[in-house]
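Down below is the structure, laid out as structure tokens.
The values are calculated or read from the model by the stated rules, or taken from the named source; none is laboratory data. Predicted model only: the values in this text are computed from it and were never measured. We place every Cβ from the backbone using ideal geometry, glycine too, and count neighbours over all the protein chains shown. Side chains included, ligands, DNA and RNA excluded: accessible areas come from the protein's heavy atoms. Shrake-Rupley method; radii C 1.70, N 1.55, O 1.52, S 1.80 Å.
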Amino acid sequence: MPRNSAPVPMEALLAAELPEGKGWQYEPKWDGFRCIARRDGEAVEMISRSGKPLGRYFPEVLEILGRLKELHFTIDGELIIPLDDRLDFEALQLRLHPAESRVRKLAKETPAQLMLFDVLEIGGKSFDEKTLAERRKALERFHEGNAVDGLLLSPATSSRDAALGWLKRSGGALDGVIAKRLDQPYRFGERAMVKVKQLRAADCVVGGFRYAEKKHEVGSLLLGLYDDEGKLHHVGFTSAIPAKERPDLTKTLEALIQPPGFTGNAPGGPSRWNTERTGQWEPLRPELVVEVRYDQVTGRRFRHGTALLRWRPDKAPKQCTFEQLAPELKPSEIKELFGA
């Protein structure tokens, strides 16, 4: 691997189930930013999945890497920010700020850590053509010899049962489980790993919708759940609407347009979905209910877009409450992973 080029990390292919049989290593899939970190003497850099520099946004992690005994290395891992009872993905996103003063303030308030799970080079010796079994041993030696606060080694197991336990508890700190072949080299830019996520379902009120860009038909449904006080909060969206259903659905939705739509948190505030036009939406009377599939909840919102499973005319909107959502992991459960 040439040191003057940005390495393209090995990727994962989404699957419905964890692979079975011998020769697999399973690891937690952490809820953070993928990061390849490199050090060459005094020069330290961190590179995102897309090849962009991350160092200026996480100066505290650069400082950690600069304090290690090893002067030459390239390691693969995940930037994470532990906060309260979960890993805070929103806190990571807030770091991507143009003002250095703001970044350094956040670095002190919510310091990031680097979770290691692979190694490409140590001390000038390349490991990317070695098997995962060999790389894992080298990574464990690297971590043991460079033990500092904020540099973590991700657990790994060959037990599928243990991995299924991780998968069952995913949704707060974990984003699922990764499976890798122990006899496989590091395959840059290829989807050579398997990832599995815990998919769950919830019934949500359609509290509003957005028109598709440059079209007068529905583009996405805005989803809501009721809290204990009876307020309807915006929790996410789904755009998985079949094209043939959109014209009739648009007419149905337009007949229900009526403010306020959401009586609690509403679209238009800070959003994790940068591709959504958060300021342009139509409020609806809370009459329609849909069942959606989601993978994870952070801060009482769906982390990603959801899949529309079916309409629920049999369900009363007031029955769509936060109680449906799976609880997030507690700190003790996160710590238990390191004893697995």
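Below are the figures for this structure:
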| read-out | value |
| --- | --- |
| Some residue of region 154-168 being under 21 Å from the mean Cα position of the chain (by Cα), crowded, with 18+ Cβ neighbours inside 10 Å, among the aliphatic types (A, V, I, L, M) and part of a strand (DSSP E or B) | no |
| Subset of region 61-102 (residues that are assigned to a helix (DSSP H, G or I), touching a residue at least 40 places away in the same chain (Cβ under 8 Å) and crowded, with 17+ Cβ neighbours inside 10 Å) | V61, I64, L65, F89, L92 |
| G299 more than 30 Å from I178 (Cα to Cα), within 25 Å of the chain's Cα centre (by Cα) and modelled with pLDDT under 95 | no |
| Condition met for P111 (within 22 Å of L13 (Cβ to Cβ) and modelled with pLDDT of 95 or more) | no |
| Qualifying residue in region 34-53 (condition: closer than 24 Å to L174 by Cβ, open to solvent by 80 Å² or more (accessible area, probe 1.4 Å) and touching a residue at least 60 places away in the same chain (Cβ under 8 Å)) | no |
| Among (1) at negative phi; (2) in contact (Cβ under 8 Å) with a residue 12 or more places away in the chain - the single one G150 does not satisfy | (1) |
| Candidates R86, R56, R95 - the one that is touching a strand residue (DSSP E or B) at 6+ places or on another chain (Cβ under 8 Å) and within 30 Å of R191 (Cβ to Cβ) | R86 |
| Candidate set: region 1-29, residues that are at pLDDT below 90 and not aliphatic (A, V, I, L, M); chosen: the one most open to solvent (accessible area, probe 1.4 Å) | N4 |
| Output for region 43-60, where each listed residue is outside any strand (DSSP E or B) and at pLDDT 95 or above | L54, G55, R56, Y57, F58, P59, E60 |
| Residues of region 192-245 that turn out to be open to solvent by 40 Å² or more (accessible area, probe 1.4 Å), small (G, A, S) and assigned to a strand (DSSP E or B), as a count | 1 |
| Identity of the residue in region 204-218, among the charged types (D, E, K, R) and more than 27 Å from the chain's Cα centre (by Cα), that ends up nearest to P283 (Cα to Cα) | E217 |
| When residues of region 103-121 are limited to those that are under 27 Å from H72 (Cα atoms) and part of a loop (DSSP other than H, G, I, E, B), the one least open to solvent (accessible area, probe 1.4 Å) | A112 |
| Failed item in (1) at pLDDT below 95; (2) outside any strand (DSSP E or B); (3) surrounded by 21 or more Cβ atoms within 10 Å (Cβ to Cβ), with G189 passing the rest | (3) |
| Subset of region 303-317 that is closer than 15 Å to H234 by Cβ and modelled with pLDDT of 90 or more - its residue that is surrounded by the fewest Cβ atoms within 10 Å (Cβ to Cβ) | P317 |
| Some residue of region 129-152 being modelled with pLDDT of 95 or more, open to solvent by 20 Å² or more (accessible area, probe 1.4 Å) and in a strand (DSSP E or B) | yes |
| Region 13-25 residues that are in contact (Cβ under 8 Å) with a residue 12 or more places away in the chain and closer than 14 Å to T131 by Cβ, paired with ones that are surrounded by 10 or more Cβ atoms within 10 Å (Cβ to Cβ) and of a type in the set (G, A, S) (beta carbon under 7 Å, 6 or more apart) | W24/S158; W24/A179; Q25/A156; Q25/S158 |
